[in-house]
Amino acid sequence: MPKKIIGIILCGGLGNRFDKSLPKQFFKINDQSILQINLKIFKSNKKISEIIVVSSKKFLLKTKELSENYTKNVIIGGSTRQISVKNGLEYAGRFNPDYVLIHDCARPFIDNKLINN
């Protein structure tokens, strides 16, 4: 029986060191936001059962809008990365996963080989 693998994409950073007006995950590379690039890669991987995006409350609507073609599982993170991971893991529990992959959205160059490993 195949294992149920959940991908959690942490997308709650405010990017204060990058740009004061817009977090890094919303900047575009080749007409796609960094968030969408990550979502596309996770969605294309046949081993990933569900994708959860953990967003800051401030940018929740924008995150949901950019995620809508990839997942409906967009939740609010916390004031720290640790709290955001905790929120993502608690939400993932509803899917009864065998494994959970946690990925930082600000890193858009993940590939299927890395996910599979």
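The values are calculated or read from the model by the stated rules, or taken from the named source; none is laboratory data. Small disclaimer: the values here were computed from a predicted structure and weren't measured. Here the Cβ is made from the backbone with ideal geometry for all residues, glycine too, and neighbour counts use every protein chain on show. Remember, those area values only see protein heavy atoms, side chains included, never the ligands or the DNA or RNA. Shrake-Rupley method; radii C 1.70, N 1.55, O 1.52, S 1.80 Å.
For labels at ASN69 and PHE95 in the simple 7 Å Cα→Cβ model, what's the distance in nm?
2.0
Before I look further, what does the chain give for accessible area per residue, probe 1.4 Å, in whole square angstrom?
Each residue of the chain exposes 63 Å² on average to a 1.4 Å probe.
Of the options PRO108, LEU22, GLY93, report the single residue whose Cα projects farthest towards the positive end of the charge dipole of segment 9-117 (beta-carbon charges: Lys, Arg +1; Asp, Glu -1).
Of the candidates, LEU22 comes out farthest on the positive side.
For segment 21-117, which trypsin sites (Lys or Arg not before Pro) pass both filters: DSSP loop (anything but H, G, I, E, B) and at most 16 other C-beta atoms within 10 Å?
Hits after loop and neighbour filter: LYS46, LYS47, LYS57, LYS58, LYS72.
Starting from 0 in steps of 10 Å, tell me what percent of the Cα-Cα pairs of segment 38-84 lands in each bin.
27, 49, 23, 1
In terms of modelled amide H atoms, which long-range or inter-chain residues lie less than 5 Å from the amide H of LYS4?
ASP98, TYR99
I need the phi-derived Karplus couplings for segment 79-85: 6.51 cos²θ - 1.76 cosθ + 1.60, θ = phi - 60°, integer Hz, Gly and Pro marked x.
After applying 6.51 cos²θ - 1.76 cosθ + 1.60, I find 6, 9, 4, 4, 5, 5, 4 Hz.
Calculate how many DSSP beta bridges within the chain are antiparallel, expressed in % of all such bridges and rounded to the nearest 5.
Close to 10 percent.
Run down the aspartates and glutamates and flag those whose C-alpha is under 16 Å from the C-alpha of LYS47, throwing out any fewer than 8 positions away in its chain.
Within the straight-line cut-off, LYS47 pairs with ASP98, ASP111.
Cα-Cα over 18 Å: which of LYS24/LYS58; LYS28/LYS64; LYS43/LYS72; LYS4/LYS57?
As for pairs spanning more than 18 Å Cα to Cα, those are LYS4/LYS57.
Using each residue's phi in segment 64-75, evaluate 6.51 cos²θ - 1.76 cosθ + 1.60 at θ = phi - 60° and report the 3J(HN,Hα) Karplus result to the nearest Hz, with x for Gly and Pro.
Values, residue by residue: 4, 4, 6, 8, 4, 7, 10, 7, 9, 8, 10, 10 Hz.
Given H placed on each backbone N at 1.01 Å, which residues far from ILE102 in sequence or on other chains put an amide H within less than 5 Å of it?
Result for ILE102 returns ILE8.
Find, to one decimal place in angstroms, the Kirkwood hydrodynamic radius of the chain, where the mean of 1/r is taken over every pair of different Cα atoms and then inverted.
Hydrodynamic radius (Kirkwood, Cα only) of the chain equals 14.2 Å.
Each residue of segment 24-30 in order: what ³J(HN,Hα) in whole Hz does its phi give by Karplus 6.51 cos²θ - 1.76 cosθ + 1.60, θ = phi - 60°, with x for Gly and Pro?
4, 4, 9, 6, 9, 10, 6
Compute the helix-to-body angle for 34-44: its Cα long axis versus the longest principal axis of the chain, expressed 0 to 90° and rounded to tens.
Taking the Cα atoms of the chain, the angle to 34-44 is about 10 degrees.
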